[in-house]
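**Student:** The structure is given below, and queries will be raised subsequently.
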Amino acid sequence: MKLHEFQAKEIFGKAGIPVPGGQVATTVDQAEEAVRSIKGPPWVVKAQVHAGGRGKGGGVKVVNDPKEAVAAAEAMLGSRLITKQTGAEGVIVNQVLIEEGVEIDRELYLSMVIDRAVSMPTMIFSKAGGMEIEEVAAETPELILKESLNPITGWMSSQARNLIYGIDPIPSKEAIRGLTSVMAKICNVFIENDCSLLEINPLVVTKGGEVIAIDAKMSIDDTAAFRQQELVKLDDPREKDPLELQAEQHNLNYIRLDGNIGAMVNGAGLAMATMDVIKAAGAEPANFLDVGGGANEDMIAKGFEIILQDERVEAILINIFGGILRCDVLARGVVAAAKKTSLSVPLIVRLEGTNVEEGRETLNNSDLDFFVAKDLAEAAELVAKQVS
Ligand code: ADP
Ligand code: MG
């Protein structure tokens, strides 16, 4: 689950990480009120969407006049913001953050993620803030510094020093104090809130040497939702893909991808292998739909309906290895969903495992039109043929 910038900044503020004064607005009236109560000029008006790259997409406006600030908020509210991370259709801006403009001397990068290679939360620090960190990592990897948070020792001041003294030029004494404090607090916020990602890009040093978090990204590990009820309340379903939302409500793992082949698979490993063979056959998956091991007929039907609702889908591949999920249950679910929503694209089925004969029979006895593949390679080839 992702939080909005303003929500993450509120958590930062409470944890003692300096953030600019700000107020969120969902209407023009609220924006006027926010501009009156926030210190400026300059003011910064920022679209609150779950996507980065807002600055370059017109979702961050720095203005010097209160009227301009309100006008910028008015223009953003209800509009579609397109950034590198949103896809071509963009996302609707439902709220804006109006905050104090900060006099920036340096833009640094600070984040914490789970590093699976070392099985520990790991802090990433770089002097190349304000840019896309993936590009920095690809082009100038020497500018990316890392220190892992060992759960036994905790965060150590020597680690903060390794990071801070590792950038060129070394920050001023005052900035070093600020950075040391922010790093220690980021570790606390990360652990206390069961984060999977915390990112401040940029973490700025002002002309006066103050260290302030200008941007804030925070993702919470969904498996910790049961003990993070306060954070769960901050969830904003409007930011999610509508099909992903439907899938979530039915306990299905669905992830939207960019291609045109809908795929329904059981088990994440098989799903990943299926994505690979689709790609190897020269086609592109439109989604990753893992119905899981214990799916019932309703879940299968819902999953199939979700794929059918996606207008980009030009062919569907069902690749099921029946184990706990039996092939007959799968077949009944598919037939039920296809009855509800008319099937207008080719369907390729590869079924194996428990009750496979019964499953095939159910499909054969339905009036569904489908191709049967004898193995995964043939399934992928059939799929690729349908769309090429
Ligand atoms: P995004 O990463 O989505 O583009 P940011 O919050 O990082 O959005 O803002 C983009 C840029 O806008 C920052 O790198 C910074 O230069 C500028 N900016 C954002 N907020 C402020 C602020 N409060 N004061 C001054 N500059 C800001
Ligand atoms: Mg940013």
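**Student:** Please go through (1) more than 23 Å from VAL189 (Cα to Cα); (2) in contact (Cβ under 8 Å) with a residue 12 or more places away in the chain for ILE220 and return the number of the only condition it doesn't satisfy.
**Tutor:** Failed condition: (1).
**Student:** Give ALA216, ALA225, ALA184 a once-over and let me know the one that is aliphatic (A, V, I, L, M) and either closer than 25 Å to ALA47 by Cα or within 16 Å of ligand 1 (Cβ to nearest atom) (or both).
**Tutor:** The conditions single out ALA216.
**Student:** So, one more: Spot the failing condition for GLY87; the list is (1) open to solvent by 10 Å² or more (accessible area, probe 1.4 Å); (2) closer than 16 Å to GLU5 by Cα; (3) not assigned by TED's automatic domain parsing to the domain that holds TRP155, and only one is missed.
**Tutor:** Answer for GLY87: the failing condition is (2).
**Student:** List every residue pair whose Cβ atoms sit under 7 Å apart, with the two residues 6 or more apart in sequence or on different chains, where the first one lies in segment 340-366 and is in the same structural domain as GLN309 (by TED's automatic domain parsing) and the second, anywhere, is open to solvent by 60 Å² or more (accessible area, probe 1.4 Å) and assigned to a helix (DSSP H, G or I).
**Tutor:** Here the result reads PRO346/GLN386; LEU351/ARG360; THR362/ARG332, each pair linking segment 340-366 to a residue that is open to solvent by 60 Å² or more (accessible area, probe 1.4 Å) and assigned to a helix (DSSP H, G or I).
**Student:** Could you tell me which residue of segment 298-314 is nearest to the chain's Cα centre (by Cα), considering only residues that are part of a helix (DSSP H, G or I) and surrounded by fewer than 18 Cβ atoms within 10 Å (Cβ to Cβ)?
**Tutor:** Only one residue fits best here, namely GLN309.
**Student:** Here are the criteria: (1) within 15 Å of ligand 2 (Cβ to nearest atom); (2) touching a helix residue (DSSP H, G or I) at 6+ places or on another chain (Cβ under 8 Å); (3) assigned to a helix (DSSP H, G or I). Tell me which single one HIS50 does not satisfy.
**Tutor:** It is condition (3) that HIS50 fails.
**Student:** Do we find that GLU174 is surrounded by 12 or more Cβ atoms within 10 Å (Cβ to Cβ) and over 21 Å from ALA117 (Cα atoms) in this structure?
**Tutor:** Taking the combined requirement at face value, the residue satisfies it.
**Student:** Of the conditions (1) at pLDDT 95 or above; (2) open to solvent by less than 40 Å² (accessible area, probe 1.4 Å), ILE133 satisfies every one except a single condition; which number is it?
**Tutor:** Every condition holds for ILE133 apart from (1).
**Student:** Here's something else I'd like to know. Regarding GLU147, is this residue open to solvent by 30 Å² or more (accessible area, probe 1.4 Å), within 30 Å of VAL91 (Cα to Cα) and away from ligand 1 (no atom under 16 Å from the Cβ)?
**Tutor:** For GLU147, the condition - open to solvent by 30 Å² or more (accessible area, probe 1.4 Å), within 30 Å of VAL91 (Cα to Cα) and away from ligand 1 (no atom under 16 Å from the Cβ) - is not met.
**Student:** Now for a separate question. Looking at LEU376, LEU317, LEU330, LEU325, which is the one that is over 28 Å from LEU245 (Cβ atoms) and either in contact (Cβ under 8 Å) with a residue 40 or more places away in the chain or surrounded by 23 or more Cβ atoms within 10 Å (Cβ to Cβ) (or both)?
**Tutor:** Every option except LEU376 fails the conditions.
**Student:** Among the numbered conditions (1) open to solvent by 40 Å² or more (accessible area, probe 1.4 Å); (2) of a type outside the set (D, E, K, R); (3) within 16 Å of ligand 2 (Cβ to nearest atom), tell me where ILE200 comes up short.
**Tutor:** (1)
**Student:** Which residues, taken from segment 36-84, are hydrophobic (A, V, I, L, M, F, W, C), open to solvent by 50 Å² or more (accessible area, probe 1.4 Å) and within 15 Å of ligand 1 (Cβ to nearest atom)?
**Tutor:** Those that are hydrophobic (A, V, I, L, M, F, W, C), open to solvent by 50 Å² or more (accessible area, probe 1.4 Å) and within 15 Å of ligand 1 (Cβ to nearest atom): VAL62, ILE82.
**Student:** For LYS56, which of the numbered conditions (1) within 16 Å of ligand 2 (Cβ to nearest atom); (2) of a type outside the set (Gly, Ala, Ser); (3) touching a helix residue (DSSP H, G or I) at 6+ places or on another chain (Cβ under 9 Å) fails to hold?
**Tutor:** LYS56 satisfies all of (1) within 16 Å of ligand 2 (Cβ to nearest atom); (2) of a type outside the set (Gly, Ala, Ser); (3) touching a helix residue (DSSP H, G or I) at 6+ places or on another chain (Cβ under 9 Å) except (3).
**Student:** With ASP168, ASP105 as the choices, which residue is open to solvent by 80 Å² or more (accessible area, probe 1.4 Å) and either in contact (Cβ under 8 Å) with a residue 60 or more places away in the chain or in the same structural domain as ILE38 (by TED's automatic domain parsing) (or both)?
**Tutor:** Result: ASP105 is the single residue among ASP168, ASP105 that is open to solvent by 80 Å² or more (accessible area, probe 1.4 Å) and either in contact (Cβ under 8 Å) with a residue 60 or more places away in the chain or in the same structural domain as ILE38 (by TED's automatic domain parsing) (or both).
**Student:** Find the residue count for segment 53-70, including only residues that are farther than 28 Å from PRO237 by Cβ and assigned to a loop (DSSP other than H, G, I, E, B).
**Tutor:** Going through segment 53-70 one residue at a time, the tally reaches 2.
**Student:** Going by the structure shown, is ILE220 crowded, with 17+ Cβ neighbours inside 10 Å, closer than 23 Å to ALA51 by Cα and within 16 Å of ligand 2 (Cβ to nearest atom)?
**Tutor:** No.
The values are calculated or read from the model by the stated rules, or taken from the named source; none is laboratory data. In this text the structure is predicted, and so the values were computed from the model without any measurement. FYI the Cβ positions are ideal-geometry reconstructions off the backbone, even for glycines, and counts take in every protein chain you see. Areas reflect the complete protein model, heavy atoms only, side chains present, ligands, DNA and RNA absent. Shrake-Rupley method; radii C 1.70, N 1.55, O 1.52, S 1.80 Å.
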